[in-house]
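What follows is a single structure, written as structure tokens, with notes after it.
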Amino acid sequence: MEERNSTQACSRDDGRPCLGAAAPFFVGFVAALVVGWWIFPKVLFTEETQPIEFSHKTHMEEAVDSCEYCHFEDTDAGLMFSGLPTTEQCVDCHMAPLGDTEAELEFVEMIEAGEEVEWLVYQRQPDNAYFSHMAHSLDNCGMCHPEFEDSPQALCNQCHPDLIEAEGSLPIEVNRLTGYTTETMKMWECEECHAYPDHVYDLNDDGHLDATDANNGCHVCHK
Amino acid sequence: MSAKIKKFNTVWGMVVDIDKCTGCGACMVACQAENNVRITTDASNKLRTNTWMLVYQLTNGESFPHHDVAYLPRPCQHCGVPSCVSVCPAIATDKNEDGGIVSQIYPRCFGCRYCMASCPYHARYFNWYDPHWPEGMDKTLSPDVSVRPRGVVEKCSFCHHRLMEAKDRARAQGNYTPLETIHLPDGEYITACTETCPNGAITFGDLKDPEHQVYKILWGEQDAEAVSEYLDMGGDGPTAHHGEGHGPLVTRNPNAFRLLEELGTAPQVYYVSRREWVRKQGNHSAMEATQAHH
């Protein structure tokens with residue numbers, strides 16, 4: 001007994017553990033937290049910036065009144081998805097520079113040269129996911145969710161990052177391994193609506209599934 | 001069996017007229033191109049091929065001059081009671097969407113192949129190899145269907161992406177009522193094999209919609225509500241003898257049959273043949289039972 005006691009770095013007669021022995025564990029714990037929460041994400045994600053500085057805030061405040069003005073659904077062409085506008089749409093206003101920012105001057109030069117801007121997409125979805133903006137329009141969701149009637153933009157922001165409040169272009173964080181961004185939708189985010197009981201079960205309760213077409217069947221979102 | 005059947009407002013179904021099929025295999029090719037089915041490197045090994053749609057040759061086994069052959073295209077039968085769904089340990093396959101199409105979600109599948117063992121129609125295929133397209137041919141891949149990696153099971157989806165597109169078209173044109181099932185007009189949603197068949201042997205549509213051609217072939221002018229109730233119960237038997245207190249009496253086209261109907265899988269794929277020996281091969285024990293009954 002006496003021998004064993006003598007080999008310990010510190011010991012007390014009353015048998016209580018001493019803090020000095022636990023210190024390396026605390027240091028290791030903090031180091032692991034720093035690596036896990038700060039260093040590893042920095043290594044895993046690379047930051048990319050839009051090729052041309054673009055401010056959603058400026059455009060919403062001074063030019064247009066809704067997201068659909070630029071990100072519209074082209075039903076005539078059979079293109080059902082909202083997408084990125086081409087310079088053809090931008091030229092309506094930007095035939096000549098409206099302001100004096102460098103980015104705009106550069107952009108007007110691109111228009112004159114007939115070039116397209118290679119915008120980066122904040123939320124490109126995986127290949128195995130199907131998404132229809134047409135199905136998630138105010139016509140459908142607004143039937144039961146009147147809160148979106150006053151602010152259609154709030155409906156967009158259910159999934160999309162709110163770029164209106166941000167000054168300039170937000171950087172895009174791309175996962176080096178998967179190629180997805182931090183804004184790419186996770187399945188649980190879709191399920192917040194799709195797995196909601198009223199969407200899964202028939203509202204009329206006649207025993208038939210999927211009256212709303214928004215249920216949680218795998219094929220509703222996967223392809 | 002009927003108790004397990006899920007009820008759907010629409011039931012997407014296929015009717016194949018075997019007497020019109022020449023066995024040309026255009027449906028198989030169309031299916032492969034439409035759904036990014038990988039190219040088989042060694043097609044002689046039939047345990048390793050991958051054919052969502054497969055044309056079988058049937059013969060009556062008699063010698064000349066009574067010899068006769070028929071061709072039977074076999075997609076996934078999209079059973080009302082799918083055995084693959086109940087055995088899947090990963091919920092990678094389910095039947096939960098209106099229309100009754102049995103889904104297969106590839107990233108969720110881990111390749112145990114229970115579903116393949118359970119499927120009485122051999123409609124499911126395992127990816128033994130990484131998919132490979134010769135250089136340049138990868139440009140023919142469709143963005144509407146995801147490409148499957150090695151190690152997962154895949155099968156016919158009734159070209160589900162075409163259903164999604166048809167629904168989107170209906171939404172764009174305003175041909176729907178929000179919160180209600182979208183009832184597509186006949187022909188608005190058809191599979192690639194249906195579109196390709198040069199003889200029109202394949203018909204595709206909603207088995208519950210009297211305006212659709214499949215309905216007219218199978219049920220003729222019969223009451224839509226009765227047919228709907230009959231299908232909700234599985235639509236078993238060449239004629240329905242549910243009788244009083246058991247549901248409506250619906251008579252199916254006497255030339256129509258489903259594969260291995262006696263198993264109670266209630267497929268959504270029907271076959272039509274005016275030749276008795278063909279009907280007998282598709283549904284042998286049920287035919288015998290019917291004959292014994294009479």
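Every number in this text was worked out from the coordinates using simple rules, so none of it is lab data. From a predicted model like this one, the values you see are computed outputs, not experimental measurements. No Cβ is skipped: glycine too gets one built from the backbone with ideal geometry, and neighbour counts run over all protein chains shown.
Among the cysteines of chain B, B:C21, B:C24, B:C31, B:C79, B:C88, B:C109, B:C112, B:C119, B:C159, B:C197 have no other cysteine beta carbon within less than 4.7 Å of their own. From its DSSP helices (H runs of at least four residues, each -39,500 (n - 2.57)), the protein assembly as shown gives a residue-normalised ellipticity at 222 nm of -7000 deg cm²/dmol.
Running a GNM on chain B with Cα contacts under 10 Å, which residue among B:N175, B:N36, B:N283 ends up with the highest mean-square fluctuation? Answer for the Gaussian network model of chain B: B:N175. Taking a Cβ cut-off of under 9 Å around B:V102, the surrounding Lys, Arg, Asp and Glu residues balance to a net charge of +1, with basic ones at +1 and acidic ones at -1.
PRE reach from A:E106 (point 7 Å along Cα→Cβ): which of the range A:119-138 fall under 18 Å by backbone N? Label zone hits: A:119-121. Between the range B:62-99 and the range B:165-212, the alpha-carbon centres lie 21 Å apart.
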